[in-house]
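The structure appears right after this line, and notes come after that.
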Amino acid sequence: MEQTSIQNNPNQQVINFAKVDSYPQIFLYFIQDFLSWWYVKMPLRHLRTLGRLSTVMDDNLSITLLLSTFFVPWHRDKSMMGYLFGITIRILYLPIGISIYSITMIFATILAIAWLLLPVMAIVFTVISIFK
């Protein structure tokens, strides 16, 4: 059995090798993808989550419902007592509901802003710790 070299065989086709990216290029692609994910895709997700959270909190606390029915008597009792009791309950409940809603929205907004600042602050604190 005779062995033939690939280079000497006329039936062999030479295949051009695909260009392979170098390690620095791969690293730059990784950094670009990471920054695109961190600063474009995730903030959009945080905004959608903030909108959903706002809707769920409003549904659970019934803030818009209580505001729209502020002068409606309690359990549709058309007497003076029904009006007074309904308005009193809403006056007591609305500040509590609005404060819970506001605190939740502020906390969620702070988390979204912290998400954006986290990589920058990590680099800044790393550079500061190197030069100290």
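Values in this text are rule-based calculations from the coordinates and carry no lab data. Because the structure is predicted, anything quoted here is derived from the model rather than measured.
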For the chain, modelled as a Gaussian network with Cα springs under 10 Å, which listed residue fluctuates most, Val40, Val20, Val56? Val20
Result row for the chain, helices from DSSP H with C-alpha axial extent 24 Å or more and mean Kyte hydropathy at least -0.5, is 42-61, 80-130
Computed over all unlike Cα pairs, the Kirkwood hydrodynamic radius of the chain in Å stands at 21.6 Å
Considering only Leu94, Leu53, Leu28, give the residue with the highest GNM mean-square fluctuation for the chain, with springs between Cα atoms whenever their separation is below 10 Å. Leu28
